[in-house]
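Since the structure comes first, as structure tokens, the remarks are kept for the end.
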Amino acid sequence: MKASKQNPNKNIKGYVFQTQRWSLHDGDGIRTSIFLGGCPLRCSWCHNPESWSRNSTETVSVEEVIKTIKRDEVFYRASGGGVTFSGGEPTYQTEFLRGLVKSCMLLGINTAIETSGFFNWKSNKDIFQMLDFVFVDIKHMDSKIHKKYTGVGNKLILENITKISDLGKTIIIRIPLILGVNDDDENIDKTSRFILENLDIEGVEILPYHNLGEYKYKELGLDTQYQFAEPAKERIEEIKDRIKSHSINIIDY
Amino acid sequence: MSTERIAKLKKNYIDIKPSICVERAIAFTKSHKSTEGEAMILRRAKAFKEVCKQIPVTIFEDELIVGTPGIYKRSGFVCPEFSWQWVEKEMDDFGKRSQDPYLIGKEQKEILTKDIFPYWRGKSLEEAFLSRIPEKTKKIAVDTGIVDNDSKWRSAVGEITPDYQDIIFKKGFGGVRKEAEEKLANLEPITGENIDKINFYKSMVESCEGIIILSKRYSEEARKMADREKDNKRKEELLKIAEVCNNIPENPPLTFYEAIQTVWFVQLGSVLSENSLALNLGRFDQYMYPFYEKDLINNCITEEVAQELIEALWLKLSEWVWAISKNTAQYFAGYNSFQNLTVGGRKRDGGDGTNPISYMALKATQNIKTHQPGLSVRIHSDCPQEFLLAVCDLIREGTGFPAVHNDRIGSQMLLAVGLSPEDARDWSNCGCVVPHFRKIGEWTSAVNINLAAALEYALNNGKSRITGEQMGLLQAEGQNFDSIEDVKGAVYKQLANLIKHAVVSTVVAQQIHTEMVPRPFLSTLVGGCMEKGVDLSRGGALYNVGPVLTGIGVADVANSLIAIKTLVFDEKKVTIDELNKALDRNWEGYGDLRKAALESPKYGNDIDEVDYLAVEISDFYNREIKKYKDYFGSFFNSAFMGISNYIPTGSVIGATPDGRYAKSPLTEGVSPHAGTDLTSPTAVMRSAAKINHDIHTGGTLLNIKLSPELLQTDKSLVNLASLIRAYFELGAFHVQFNVISTETLREAQLNPEEYKDLLVRVAGYSTQFVNLSREVQDAIIERTTYESI
């Protein structure tokens, strides 16, 4: 192998809190999802609070993770699948993520990311250039409300999404649908307009809130600041229709 | 959707309980009484003909495809020439037994007791086998669950694929008879060989006459019924039946209808000749399509009519019942008769052979969901994606059908046993998952060998942990277990001994078969017998492939060895003696040790350390088997396939080092042990694909259970197709899917009446869930269900 084809980052270590093979809902085909630990956000509805702190698991090297990823290569090839980096917030471990994405790129393995969009663009730009597919959240268009429920404002996020779109990447915008937080018509319309004015995307995926993660808060001894209810099916459909009425695709993975 | 007629016939079928009919036994026995002293092959052919003459001819309401082996819609029957003792012993409990009960009338029991059994006393295959099998082998191979071949001496062999392409559809039975007569005209009884040949060809003539007589009787009956019929539409149908049954199977079929009725007469004749399992239907789409195409051109068929006829055949195949002993029923649960039917795959020239009939066969199973035929598909790289998606769509129905096979590996297996490249491309499935061909003679499921027994005897000085009896070899003097290699060595020694006994019991059975139960009718169907002038039971087929010895519990042995390696040698948590104590006590008082055992790596999670132990064991098994040749000089073959054999084999084995409790089930085929495959279906497939499938020429089986939620969208169906393609790219042979929720199954246990048509994949086949015993039901529920998180 030529020196240029070797990934110099293969020994970098990072935190992975879960690996899921045969993942079917985080991109095309049969995928392996790698959940990287650590997140700068504190979304009140988060169903993976164990991912907030990255130090709760042992470190693994890029090479070790890639070894697991490669296990299912034959399935990715047959299905047009690949790897999805999720979290936590995967960019929270920039060097580790870079190592992983680069290794996959060199192996010809399709890569996707699930990100909050909250990261330093300069230090992550090259990673997004290497990625094939991006899932990114727009949680709320109002920065104040955004900050109230997630701990951070939305300015950086919206800027980054626009920049990712400018790179020409395939993008799916995800809206975690939380009753009483972001499900009002005004916010949905604002989100749609932002998309139409600034982005070139495949479509929007609605992820209705579910309370399957609630028990984890108890286990981890965390307070649940807010209580949320699961949105009704009819309301979900109404919102989907509303987004569609802006000529934006709705996608279900 | 099926037609109204088929829906009605199906409802009728699921509502009827199987009953034992004695008509075949009466006619067969009567004939035998009158042929004492003649050559056995002729006696059997004459008895078959007598059955064809005497058996009541019944055309049931609304039927289009006609012919029944008994007087009941769902008849099972007794073949006393193979075995009658189990019937005598068990018939009072036929209705009560948990697995596959039958109804039997008082009158029928009386006939059997008075007229049938007394004649066969001392004359049955079973009695001959038991008197000839060496004592040492008998101890381990008769009703033990360790080495089991009772289906080869308590019942007939079956396991054939009729040659429609070169024999039946080309010549008809009239043509076959003529050919035999011509051969006879040129033979003088001047050598022993010639005498054998003369008897063989005479028996061919008798057999052909028998099946022709039977069809003409149906023709006559249909005409009589037509005369009486008031309804004009039905009258026309009956007249059509009369016309069809008059022409075929004496002559080659001219239309699709005639071809499909021929197929059923061939099945019926085979069933009446020996009541056996695995009377396969071969490559149905390949031999049926030319008739369909021709009828379409001639405007004498529509797709709807053809579909209805196919579904009518499916019902016929499901109605008759392979009556078997309580013991055999544990191994082959679910009234299953293993009539395998194959569609898809490459043609003899290597091109793709998928045609409209391939899709219609899938649709038939989708529509009527009967447990027969055992539908198999062959998938290859150039197989149309549309066909594979239709296969996935049927998988989604949750019937467990079809069994999905790797076209290329099937061919490779048959090349390995000596077929020509063209014939090897033309394979179809036999029984469960055995690649087969219409000119092959082979015992495709000769013996089940309990691999966990080898492990138990290795650790326990040759003794059964449950009975304490000396079953295996004594430990060699001074033999210590200082490393995992020592343990493996001891396991292999015990395994080699079991294989030797399996070979002995097979060869003894084969020899008796050549003497006592020649197969003249089946010899008319299998390529090679006519040319050689030799009966199928004596090696008459063009290819004689060696008997298949099926290993059960490869995952259990691999998991146990890795647990021993980890706990005893690597971590030194326990000594071998202490572990043996824990196993003797079925883990009682050893909770922590059992927990550690359960936590050690398990086959099925793509962990090389344990997976390659499974590979090593299966490779050893194959090498050891290949040391032996059968009665005809063909090498034995290995297989890891399931029937429901993992339950009875488990019930005789004590606790195992992998954490398994005593008497609980082992593992089917190359599947992971139930509930231990926790990673992903892709991991299961990678583990299973590490096994060298191509050398196990008797077939390998992987069962994966998926919950239906995973298959709801079109996209998920495409992913399932990719999963299959990738598995085959890894070199594996077969996979089948159970797509049923655990809730549904529990619900079915509570309310069996409401779930009478719920089909599940037991192992190598599908059957009605409610017809399975509670144990089997529980075992199926226990299999891991993958849920997407």
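Is it fair to say residue A:162 is of a type in the set (Ser, Thr, Tyr), open to solvent by less than 20 Å² (accessible area, probe 1.4 Å) and under 22 Å from residue A:113 (Cβ atoms)? Full working, then the answer.
Working: of a type in the set (Ser, Thr, Tyr): yes; open to solvent by less than 20 Å² (accessible area, probe 1.4 Å): no; under 22 Å from residue A:113 (Cβ atoms): yes.
Taking the combined requirement at face value, the residue does not satisfy it.
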Next item on the list: Please find, within region B:582-603, the residue that is surrounded by the most Cβ atoms within 10 Å (Cβ to Cβ) out of those that are free of Cβ contacts under 8 Å to residues at least 60 places away in the same chain and either among the polar types (S, T, N, Q) or in contact with a Leu (Cβ under 7 Å, 6 or more places away or on another chain) (or both).
Entry: B:600
Notebook entry, point to check: Across region B:369-403, what is the number of residues that are assigned to a helix (DSSP H, G or I), among the acidic types (Asp, Glu) and free of Cβ contacts under 8 Å to residues at least 40 places away in the same chain?
Noted result: 1
Item checked: Hits in region B:735-789 (condition: open to solvent by 50 Å² or more (accessible area, probe 1.4 Å), at pLDDT below 80, over 26 Å from the mean Cα position of the chain (by Cα) and not aliphatic (A, V, I, L, M)) -> B:743, B:753, B:754, B:787
Note to self: If I ask for residues that are surrounded by fewer than 23 Cβ atoms within 10 Å (Cβ to Cβ) and over 18 Å from residue B:280 (Cα atoms), which ones from region B:518-541 would you list?
What the structure shows: B:530, B:531, B:532, B:533, B:534, B:539
Check: If we keep just the residues of region B:604-654 that are surrounded by 23 or more Cβ atoms within 10 Å (Cβ to Cβ) and over 30 Å from residue B:775 (Cα atoms), which is farthest from the chain's Cα centre (by Cα)?
Finding: B:625
Next item on the list: Output the number of residues of region B:247-283 satisfying the condition of being outside any helix (DSSP H, G or I), more than 15 Å from the chain's Cα centre (by Cα) and among the hydrophobic types (A, V, I, L, M, F, W, C).
Entry: 2
Notebook entry, point to check: Among A:97, A:106, which is more than 14 Å from chain B (Cβ to nearest Cβ), over 15 Å from the mean Cα position of the chain (by Cα) and among the hydrophobic types (A, V, I, L, M, F, W, C)?
Noted result: A:106
Notebook entry, point to check: So, in region B:583-611, of the ones that are under 19 Å from residue B:554 (Cβ atoms) and assigned to a helix (DSSP H, G or I), which residue ends up farthest from the other protein chains (Cβ to nearest Cβ)?
Noted result: B:597
Item checked: Members of region B:722-733 that are in a helix (DSSP H, G or I), at the interface with chain A (Cβ under 8 Å from one of its Cβ atoms), touching a helix residue (DSSP H, G or I) at 6+ places or on another chain (Cβ under 6 Å) and in contact (Cβ under 8 Å) with a residue 12 or more places away in the chain -> B:725, B:726
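Per-residue answers, yes or no, for (1) assigned to a helix (DSSP H, G or I); (2) among the hydroxyl-bearing types (Ser, Thr, Tyr); (3) more than 28 Å from the chain's Cα centre (by Cα); (4) within 30 Å of residue B:360 (Cα to Cα):
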residue: B:10; (1), (2), (3), (4): yes, no, no, yes
residue: B:14; (1), (2), (3), (4): yes, no, no, yes
residue: B:31; (1), (2), (3), (4): yes, yes, yes, no
residue: B:37; (1), (2), (3), (4): no, no, yes, no
residue: B:47; (1), (2), (3), (4): yes, no, no, no
residue: B:53; (1), (2), (3), (4): yes, no, yes, no
residue: B:61; (1), (2), (3), (4): no, no, yes, yes
residue: B:71; (1), (2), (3), (4): no, no, no, no
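Could you grab me the full set of residues in region B:668-683 that are in contact with a Gly (Cβ under 8 Å, 6 or more places away or on another chain) and either at pLDDT 95 or above or not β-branched (Val, Ile, Thr) (or both)?
Selection gives B:668, B:669, B:671, B:672, B:673, B:677, B:683.
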Next item on the list: Can you confirm whether region B:99-107 contains a residue that is open to solvent by 10 Å² or more (accessible area, probe 1.4 Å), over 28 Å from the mean Cα position of the chain (by Cα) and hydrophobic (A, V, I, L, M, F, W, C)?
Entry: no
Margin query: Suppose we filter A:88, A:153, A:168 for residues that are over 20 Å from residue A:198 (Cβ atoms) and in a loop (DSSP other than H, G, I, E, B); which single one remains?
Written below: A:88
Margin query: Here are the criteria: (1) more than 21 Å from residue B:456 (Cα to Cα); (2) away from chain A (no Cβ under 14 Å); (3) open to solvent by less than 40 Å² (accessible area, probe 1.4 Å). Tell me which single one residue B:677 does not satisfy.
Written below: (2)
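Specify which of the listed residues (A:187, A:198) is in contact (Cβ under 8 Å) with a residue 24 or more places away in the chain, under 20 Å from residue A:246 (Cβ atoms) and open to solvent by 50 Å² or more (accessible area, probe 1.4 Å). Outline the logic, then answer.
Values: A:187 fails: open to solvent by 50 Å² or more (accessible area, probe 1.4 Å).
Result of the check over A:187, A:198: A:198.
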Check: under 24 Å from residue B:427 (Cα atoms) and assigned to a helix (DSSP H, G or I): does that describe residue B:362?
Finding: yes
Next item on the list: Can you confirm whether region B:708-728 contains a residue that is in contact with a His (Cβ under 9 Å, 6 or more places away or on another chain) and either at pLDDT 85 or above or more than 24 Å from residue B:648 (Cα to Cα) (or both)?
Entry: yes
Checklist line | Residues located in region A:81-138, provided they are more than 18 Å from residue A:42 (Cα to Cα) and among the aromatic types (Phe, Trp, Tyr) | finding: A:85, A:96, A:121, A:128, A:133, A:135
Notebook entry, point to check: Given (1) open to solvent by 10 Å² or more (accessible area, probe 1.4 Å); (2) within 14 Å of another protein chain (Cβ to nearest Cβ); (3) touching a helix residue (DSSP H, G or I) at 6+ places or on another chain (Cβ under 8 Å), where does residue B:714 come up short, assuming only one miss?
Noted result: (3)
Next item on the list: Among residues belonging to region A:10-33 that are open to solvent by 30 Å² or more (accessible area, probe 1.4 Å) and away from every other protein chain (no Cβ under 14 Å), point out the one that is modelled with the lowest pLDDT.
Entry: A:10
Notebook entry, point to check: For residue B:42, which of the numbered conditions (1) assigned to a loop (DSSP other than H, G, I, E, B); (2) open to solvent by 10 Å² or more (accessible area, probe 1.4 Å) fails to hold?
Noted result: (1)
Check: Considering region B:216-256 alone, what residues qualify as being touching a helix residue (DSSP H, G or I) at 6+ places or on another chain (Cβ under 7 Å) and touching a residue at least 60 places away in the same chain (Cβ under 8 Å)?
Finding: B:218, B:222, B:225, B:238, B:241, B:245, B:248, B:249, B:250, B:251, B:252, B:253
Item checked: Top-ranked residue of region A:34-85 - restricted to ones that are in contact with a helix residue (DSSP H, G or I) (Cβ under 8 Å, 6 or more places away or on another chain) and of a type in the set (Ser, Thr, Tyr), ranked as nearest to the other protein chains (Cβ to nearest Cβ) -> A:79
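Given the condition assigned to a helix (DSSP H, G or I) and of a type in the set (Val, Ile, Thr), answer yes or no: does some residue in region B:337-352 qualify? Working first, answer last.
To start, the set of residues in region B:337-352 that are assigned to a helix (DSSP H, G or I) comprises none.
No, every residue in region B:337-352 fails to be assigned to a helix (DSSP H, G or I) and of a type in the set (Val, Ile, Thr).
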Margin query: Please go through region B:612-659 and give me each residue that is part of a loop (DSSP other than H, G, I, E, B), among the charged types (D, E, K, R) and closer than 30 Å to residue B:542 by Cα, ordered by number.
Written below: B:626, B:627, B:630
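The values are calculated or read from the model by the stated rules, or taken from the named source; none is laboratory data. All of these numbers come straight from a predicted model, not from anything done at the bench. With ideal geometry, Cβ positions are generated from the backbone for all residues, glycine too; neighbour counts draw on all protein chains shown. These accessible areas exclude ligands, DNA and RNA; they are computed on the full protein's heavy atoms, side chains included. Shrake-Rupley method; radii C 1.70, N 1.55, O 1.52, S 1.80 Å.
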